[in-house]
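*Asks:* I'd like to ask some things about the structure below.
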Amino acid sequence: MSSKKRSWISDWIYKRSLAYPYAVIVVALMTFLLFLVRERLNISTVALLFLLPVLLSTTLWGLGPGILSGILTFLSYNFFFIAPYYTLLVHESQEIIALVIFFVIAILINQLVGREKKSLEAALAREHESTSLYEFSVGLAGLNDLKEIASVIAQKTLETFQAEAVNIRVEKIYAEDSFSAVAGNTAAADQAQPVAETLLETARGVLGEIRLWRGHAPLSWAELRLLRTFAAQGALALERSALAHSETRAKVLEESDRLKSALLHSVSHELRTPLVTIKAATTSLLSHQVKWDSEARQELLTAVDEEADLLNHLVSNLLNMSRIESGAMKPNRQWNFLPEIVDVVIGRMHRTLGNTPLRVEIPDELPLVPVDYMQMEQVFTNLISNSFKYAPAGSEIRIRAKAIHPDNLLVQVTNQGPPVEAEHLERIFDKFYRVTYADKVSGTGLGLSICKGIIEAHGGRIWAENLPEGFTFHFTLPLTWDGMQPPLVKSEGE
């Protein structure tokens, strides 16, 4: 046993032993005061007043001093106040009965007061324990990081037990390495043995250990029980966090496998179709069966050109999606004229769109927008392509743009396609998510997801909506760039 622990025990014995002399002093003082007025008091009044030291000793110092006080008051009452004085002999039967009744009442008062005091102490201890556990649980609620949980356990344990230092040692849990969290005076922990140690243990095994240093007093049984409860709750919080991390990793791996499968399925189908067309066309051209100046040769070359453009579009979408997911999609912003971007996209897609009517409603006085030219081309290409695929053949596609605020631009691409149910409007911008005619329309399902990534990289927002005039894609773009307003566009005559 260490010297510090021996001193704790000695202090505890010393404090408990002082209660008995105090009880003797209180009884002696009461006897002296009553003795001074013995001739003026009757015996019944003296008996009642002698119950006060019993009540006081029991209330202040416990059952043991209370019992001692009861015995001493009984003897003092008999020796000093019942004739013959200064002897323990009693001649009158009534006085014997009074003495017995006094002793019984003194013991009863001692027991009742002592029991109530113990009940009060137990109730206060339970209240303190419940409050401490509640605060401990609240402190751990919502935490998922193992080191944060260990730090909270250490700090709450330090505060609750008024310790000098607390060390939480967490063993390797799943993929997390072992570590320690310390609260309080670390120097005190290095110079002495801990006053209490308890394991952080669950049904899966030992997760770590709590070590507590406190120099002023040892832990009581109630405190040891509370410390074990802290350890159990802390171990559950650590295990919950580790399981949550494992579940998250499992979900990420599952989602990654799902996306890989969807990507391989989509890409293998979408790439095969133009490759087959290009292969068939080039084979026909190389067979020398098609005349150099024939119309069939021109059709085959046009098919090769269109399918090559389609392949380029598919590969571009895949590369852009990988850049968005890796955070490498950084817009190379410049001040650009939006109608020019739209005209270039429409000119490039004229073969794909065929006779589809397009209405462009973009005012010439629209201010310049700070955007990446190539990325905005990709956005308009994907939105127009999506509108063309899902809208009825020959229906109109309308593109509108307007400044809705001095600092924002609104662009709308509307088609006559079928409405989309409300629960799908947000998800259509997810990778590979397709709602209407998904089995009849070709594509990788990445176009809208890429649009969302590009628009958000520019600081804008994109959403879809069912309107009376048709299904509409909206997106906003900021008109300011690093706090600068768009420059004025000069007309040709200026």
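The values are calculated or read from the model by the stated rules, or taken from the named source; none is laboratory data. Given the structure is predicted, the values throughout are model-derived calculations rather than measurements. Ideal geometry is used to build each Cβ from the backbone, glycine not excepted, and the neighbour counts take in all protein chains shown.
*Asks:* Of the conditions (1) more than 23 Å from GLY215 (Cβ to Cβ); (2) crowded, with 20+ Cβ neighbours inside 10 Å, THR157 fails just one. Which one is it?
*Replies:* All conditions pass for THR157, except number (1).
*Asks:* Residues of segment 15-67 being at pLDDT below 80, among the aromatic types (Phe, Trp, Tyr) and over 20 Å from GLU121 (Cβ atoms), which ones?
*Replies:* Within segment 15-67, just PHE50 meets the criteria.
*Asks:* Here's a follow-up. If ILE404 satisfies every condition in (1) surrounded by 15 or more Cβ atoms within 10 Å (Cβ to Cβ); (2) farther than 19 Å from ILE454 by Cβ but one, which is the exception?
*Replies:* Result: ILE404 fails condition (1) only.
*Asks:* If you don't mind, another one. Does SER395 satisfy being over 21 Å from LEU338 (Cβ atoms) and modelled with pLDDT under 85?
*Replies:* Working: over 21 Å from LEU338 (Cβ atoms): yes; modelled with pLDDT under 85: no.
No.
*Asks:* Residues in segment 329-351: is at least one under 18 Å from LEU446 (Cα atoms), not basic (Lys, Arg) and not in a helix (DSSP H, G or I)?
*Replies:* Within segment 329-351, the first condition is being under 18 Å from LEU446 (Cα atoms), and the residues that meet it are 329.
Adding the requirement that they be not basic (Lys, Arg) leaves 329.
Still in the list and also not in a helix (DSSP H, G or I): 329.
Scanning segment 329-351, I find at least one residue that is under 18 Å from LEU446 (Cα atoms), not basic (Lys, Arg) and not in a helix (DSSP H, G or I), so the answer is yes.
*Asks:* Further question: Looking only at segment 136-177, how many residues end up being without any contact (Cβ under 8 Å) to a residue 24 or more places away in the chain, within 17 Å of ALA231 (Cβ to Cβ) and either touching a Cys at 6+ places or on another chain (Cβ under 7 Å) or not small (Gly, Ala, Ser) (or both)? Walk me through it before giving the result.
*Replies:* Looking only at segment 136-177, we keep the residues that are without any contact (Cβ under 8 Å) to a residue 24 or more places away in the chain, and these are 138-139, 141-142, 148, 152, 159, 172, 177.
Those still in the list that are within 17 Å of ALA231 (Cβ to Cβ) too: 139, 152, 159.
The next check asks that each one be either touching a Cys at 6+ places or on another chain (Cβ under 7 Å) or not small (Gly, Ala, Ser) (or both); those that pass are 152, 159.
Residues in segment 136-177 being without any contact (Cβ under 8 Å) to a residue 24 or more places away in the chain, within 17 Å of ALA231 (Cβ to Cβ) and either touching a Cys at 6+ places or on another chain (Cβ under 7 Å) or not small (Gly, Ala, Ser) (or both): 2 in total.
*Asks:* Within segment 357-367, can one find any residue that is within 28 Å of VAL304 (Cα to Cα) and of a type outside the set (Asp, Glu)? Before the answer, list the steps.
*Replies:* First, pick out the residues of segment 357-367 that are within 28 Å of VAL304 (Cα to Cα): 357-358.
Restricting the remaining residues to those that are of a type outside the set (Asp, Glu) gives 357-358.
The answer is yes; a qualifying residue exists.
*Asks:* Considering PHE74, PHE136, which residue is modelled with pLDDT of 80 or more and of a type outside the set (Val, Ile, Thr)?
*Replies:* Working: PHE74 fails: modelled with pLDDT of 80 or more.
The unique qualifying residue is PHE136.
*Asks:* Same structure again: Taking interchain pairs and intrachain pairs at least six residues apart, which have beta carbon atoms under 9 angstrom, with the first residue in segment 102-131 and within 14 Å of ALA222 (Cβ to Cβ) and the second modelled with pLDDT under 75?
*Replies:* LYS118/GLY62; LYS118/LEU63
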